[in-house]
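Undergrad: Please read through the structure below; I'll follow up with questions.
The values are calculated or read from the model by the stated rules, or taken from the named source; none is laboratory data. Every value quoted in this text rests on a predicted model; they were computed, and no experiment measured them. Ideal geometry is used to build each Cβ from the backbone, glycine not excepted, and the neighbour counts take in all protein chains shown. SASA here: full protein model, heavy atoms, side chains in, ligands and nucleic acids out. Shrake-Rupley method; radii C 1.70, N 1.55, O 1.52, S 1.80 Å.
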Amino acid sequence: MRRRAFLASAGLAALAGCSNGGESGSTATPTSTPTGTGSPEFEFRTVEAAESTPLNDPTAFAIVVENTGTGEGTFTSALEQKVGDGEWQTAGELEIPLSAGETGEWHSPRFTLQYLGTIQFRLAAVDETWSMEVVPAEYDFGVRYATPTGLFVNVLGGSFESTYPTTGTETATNESTPTPTAPADDQVWAVMRVDVRNRLEEAQSTPDASTFTLDVDGEERPLRREVASDPYEGGSLAGRTVRQGELVYPVPSDTNVRDLRMTWTQSYDEGDVKVIWTK
């Protein structure tokens, strides 16, 4: 099988897809461009792609076509896409020159998707469709996520504390930090450190603390803002600056770091995002 290089077309940077039809005998004769003697006849074979892709994770797909005719020609087709129940839109056009009896692949460029949902694609010449589900991103603690708006959001990890803060201190403005507090019996504090960076020049809003949740073995734990000595706060963040802070949760005393699952969700005008940090 000959692999055909990608032929650049406008709009293809947003593409994603997966096969939902397997092997097919769809014929694309109307799209053929014959050269020389004989007549080409094209049959769509399959789409090679993943069924799903995480947010911001590069992916690609390939379309396989065979020339079952007696002459050389070029298979051409519009490539269309739509998001959810939206309208089909032309994303670009592909071309695969093939000799008689030859099978070739067209490869999309690698691309990433920024919002959750289902992306559908259609090869117009043969009316073949496939789809890809965009799923939450999953990272280790300390790996940052790039939002569509220009922020880096990161859960750095944390510590388990039997009381927190460990000491009560007075700040330079004579404001005292919270008094050391112990959680309920058979619990400890999970003190999680959040880091948000604005990579743009202009100020923008940062996520509210309520958009972060901590699960232990699938059970969501309550956020205790009043316990934190350096609480994470949302709000406006100046360009090229960083904000860090703590989110404190009571968890069972036998909790292991691998039991923790920190999730951040956010809705934008263009769609929703969800990121999960674990060890």
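Undergrad: At a probe size of 1.4 Å, how large is the accessible area of residue 48, to the nearest 10 Å²?
TA: 80 Å²
Undergrad: For segment 143-222, what is the convex hull volume of the alpha-carbon atoms per residue, in Å³? Before the final figure, lay out each step's value.
TA: Numbers: hull volume 11.6 nm³, N = 80.
Measuring per residue, one finds 145 Å³ for the Cα hull of segment 143-222.
Undergrad: Probe radius 1.4 Å, ligands and nucleic acids left out: which of 279, 82, 274 has the largest accessible area, and how do the rest follow?
TA: Details: 279 125, 82 40, 274 70 Å².
These residues rank, largest area first, as 279, 274, 82.
Undergrad: Taking 0.36 nm per intervening residue step and subtracting the Cα-Cα distance, what contour gain separates residue 70 from residue 156 on full extension? Walk me through the numbers before you get to the answer.
TA: Numbers: separation 86, 0.36 × 86 = 30.96 nm, distance 6.16 nm.
Here the segment from residue 70 to residue 156 would lengthen by 24.8 nm.
Undergrad: Shifting gears a bit: Tell me the label-point distance for the pair residue 102, residue 217, using the 7 Å Cα-to-Cβ offset, in nm and rounded to one decimal.
TA: 6.1 nm
Undergrad: Using a 1.4 angstrom probe with every protein chain in place, what is the largest-first accessible-area order of 105, 43, 201, 72?
TA: 201, 72, 43, 105
Undergrad: Distance between Cα centroids, segment 122-166 to segment 64-89: provide it in whole Å.
TA: After rounding, the separation between the Cα centres reads 32 Å.
Undergrad: Residue by residue through segment 153-167, what is 3J(HN,Hα) from phi via Karplus (6.51 cos²θ - 1.76 cosθ + 1.60, θ = phi - 60°)? Round to whole Hz and write x for glycine and proline.
TA: Result, rounded to whole Hz: 10, 8, 9, 6, x, x, 8, 9, 10, 6, 9, 7, x, 6, 9.
Undergrad: Measure out, as a whole number of angstrom, how far apart the alpha-carbon centroids of segment 217-240 and segment 257-279 sit.
TA: 14 Å
Undergrad: Treating only the Cα positions of segment 118-260 as identical point scatterers, give the base-10 log of I(q)/I(0) from the Debye formula at each q in 0.14 Å⁻¹.
TA: -0.77
Undergrad: Tell me, what % of the accessible area of segment 89-200 is carbon and sulfur with a 1.4 angstrom probe? List each step's numbers first, then the result.
TA: Values: 2270 of 5270 Å².
That fraction is 43 percent.
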